Amino acid sequence: MMDCDTTGIEPDIALIKYKKLVGGGLMKIVNTTVPSALAKIGYTPAQVRAIVDYVDAQETIEGAPYLKEKDLPVFDCAFKPSKGHRAIHYMGHIKMMGAVQPFLSGAISKTVNVPKDATPDDILQAYVESWRLGVKAIAIYRDGSKRMQPLNTSKDAKKTAPEAQAAPVPVHPVRRKLSEERQAITHKFDIQGHEGYITVGLYEDGMPGELFLVMAKEGSTISGFADAFAQAISYALQYGVPLQVLADKFSHMRFEPSGMTKNPQVRFAKSIVDYVFRWLATKFLSADAQYRMGVNVAEAPPSPAAEAEQLKLGVVASPAEPRPSSSVAEMSTVQNQEDAPPCSVCGSIMVRSGSCYKCVNCGSTSGCA
């Protein structure tokens, strides 16, 4: 059984097969037992050379010159050749295993190859027949059941496999337009005396879909740039760019006009763009995101139901005692104090550090060592 191009009773996949290499490419493997087998069953050396040359050219022995029809089963393999039709029937694998099993104490490492058109009933019959013949274990592989196989009967398999799959559909961004009539929020702001209006159009789910920015007392140049910037942001929102990404990118940009504002949640604006996106954060982003962007987040009082539950569990002894701080309030240890001055270097509101102040934006201090 050994030394026949395979190990044990495993038949050859094909007389000529192609093995995929890990680094790419194919390696052609030719069954070297064909010449000796032809000579064993009575073919002359000239006939053997003609048959072997035919196999090398056609990758199948079917139709080879001088080969007799009755000798074809000798050269049948597990898979059908790319240009042929013959293969070992899957029951032939099982009958071979059944003949050898009585001489072995363990199971046989052997694959039962079934064709692509095998049905569930065929698979069931294979298991039943294996049990009837006393085979201890079988492994069934249906040809083509995996997208890629290490061995193929044709070198064109790697080219035809991707073609069998549907071509990937290119993904293009889709614009989500707002309805003709939509809800909107208009906010008036004042940055060191420079007034303006922010108008945000909303989708049905309450999220922003467009932005309008109008400067009340500025010249045509800055008004034009503000309008163009707002239009670009509107397109970005409608094409699916998350507001969080835009806010992280444009907040804390520094240019004039900048300075103190009348908004208690954004006390100091480093620029109009910085103010716009930190204000948008107060309306549409989470409390944690607002904190990260330097928005002054007020602690919300607990709901009556939550307060009643805390009293029931003994967390809060009485309304007179201080309530446990929320997650946002716990982060407020570095929140800006209302009496803190702006940083002389970058303009951010400083935080108290001992008897003086430090800037969490650029690291400057108010003069203390």
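Specify the residue that is surrounded by the fewest Cβ atoms within 10 Å (Cβ to Cβ); the eligible residues are those in the stretch 87-122 that are of a type in the set (Lys, Arg) and out of contact with any helix residue (DSSP H, G or I) (no Cβ under 6 Å at 6 or more places or on another chain). Let's see the steps before the verdict.
The initial filter retains those residues of the stretch 87-122 that are of a type in the set (Lys, Arg), namely 95, 110, 116.
Next cut, out of contact with any helix residue (DSSP H, G or I) (no Cβ under 6 Å at 6 or more places or on another chain) only: 95, 116.
Numbers: LYS95: 15, LYS116: 10.
Only one residue tops the list, namely LYS116.
If you go through the stretch 42-61 and keep only what is within 24 Å of ALA78 (Cα to Cα), hydroxyl-bearing (Ser, Thr, Tyr) and assigned to a loop (DSSP other than H, G, I, E, B), you end up with just THR60. Quick one: how many residues across the stretch 51-66 are free of Cβ contacts under 8 Å to residues at least 24 places away in the same chain and crowded, with 16+ Cβ neighbours inside 10 Å? Qualifying residue count for the region: 4. Taken over the stretch 198-247, the residue count meeting the criterion of being at pLDDT below 90 and either aromatic (Phe, Trp, Tyr) or outside the structural domain of LEU280 (by TED's automatic domain parsing) (or both) is 1.
Determine which member of the set ILE88, ILE108, ILE94 is outside any loop (DSSP other than H, G, I, E, B), modelled with pLDDT of 80 or more and outside the structural domain of SER258 (by TED's automatic domain parsing). Show your work before the answer.
Details: ILE88 fails: outside any loop (DSSP other than H, G, I, E, B); ILE108 fails: outside any loop (DSSP other than H, G, I, E, B).
That would be ILE94, the only listed residue that is outside any loop (DSSP other than H, G, I, E, B), modelled with pLDDT of 80 or more and outside the structural domain of SER258 (by TED's automatic domain parsing).
Filtering the stretch 211-250 to residues that are surrounded by 17 or more Cβ atoms within 10 Å (Cβ to Cβ) and touching a residue at least 60 places away in the same chain (Cβ under 8 Å) leaves LEU211, LEU213, GLN238.
The values are calculated or read from the model by the stated rules, or taken from the named source; none is laboratory data. These figures come from a predicted structure and were not determined experimentally. No Cβ is skipped: glycine too gets one built from the backbone with ideal geometry, and neighbour counts run over all protein chains shown.
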